[in-house]
Amino acid sequence: MKFFHTIGQAAERWPQRIALLGASQALSYEALMAHAAAAAGWLDRRGIRPGDRVASLSYNQVDCVVLMLALTGLGAIWVPLNWRLASAELRQLLADCTPNLLLSDKAWQQAAESAAQSAG
């Protein structure tokens with residue numbers, strides 16, 4: 001939670017400064033906190049509560065940081081899955097961590113669905 005609070009303080013102090021710079025996207029501190037708040041609301045409406053695990057399968061990108069901040073704000077746990085893993089390894093990780101929600105970007109949607117079905 002301290003990390004979330006620190007980013008929030010930076011947003012108050014330097015709202016227009018660049019907080020994240022991705023390959024195709026840049027977010028100011030203000031925009032980062034707005035995106036994180038919107039994501040936290042979305043997750044909350046889906047029943048994510050403190051201590052819940054949310055797994056994600058995607059390339060490393062700005063959205064990963066937004067998700068991490070949103071989950072931190074909710075007191076939930078982010079389980080980032082490495083997109084380089086084989087299907088059997090993803091299934092094993094999902095079976096072990098039993099996430100309440102599995103998210104993926106479009107590039108990894110089929111792999112995520114397959115791993116989730118097989119993990120039980």
Identify all residues within the range 62-120 that are among the small types (Gly, Ala, Ser), open to solvent by 40 Å² or more (accessible area, probe 1.4 Å) and more than 12 Å from the chain's Cα centre (by Cα); write none if there are none. Ala86, Ser87, Ala88, Ala95, Ala107, Ser114, Ala116, Ser118, Gly120
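Only one residue in Gly51, Gly73 is over 25 Å from Ala19 (Cβ atoms), modelled with pLDDT of 90 or more and among the small types (Gly, Ala, Ser). Which one? Please lay out each step first, then the result.
Numbers: Gly73 fails: over 25 Å from Ala19 (Cβ atoms).
Testing whether each residue is over 25 Å from Ala19 (Cβ atoms), modelled with pLDDT of 90 or more and among the small types (Gly, Ala, Ser) leaves just Gly51.
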For His5, which of the numbered conditions (1) under 24 Å from Ala115 (Cα atoms); (2) loosely packed, with under 12 Cβ neighbours inside 10 Å fails to hold? (1)
Counting only residues that are in contact with a Pro (Cβ under 8 Å, 6 or more places away or on another chain) and surrounded by fewer than 17 Cβ atoms within 10 Å (Cβ to Cβ), the range 29-52 contains a total of 1
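The values are calculated or read from the model by the stated rules, or taken from the named source; none is laboratory data. What you see is a predicted model; the values in this text were computed from it and never measured. Note that each Cβ is placed from the backbone with ideal geometry, even for glycine, and that neighbours are counted across all protein chains shown. When the accessible area is computed, the model is the full protein with side chains, heavy atoms only, and any ligands, DNA or RNA have been set aside. Shrake-Rupley method; radii C 1.70, N 1.55, O 1.52, S 1.80 Å.
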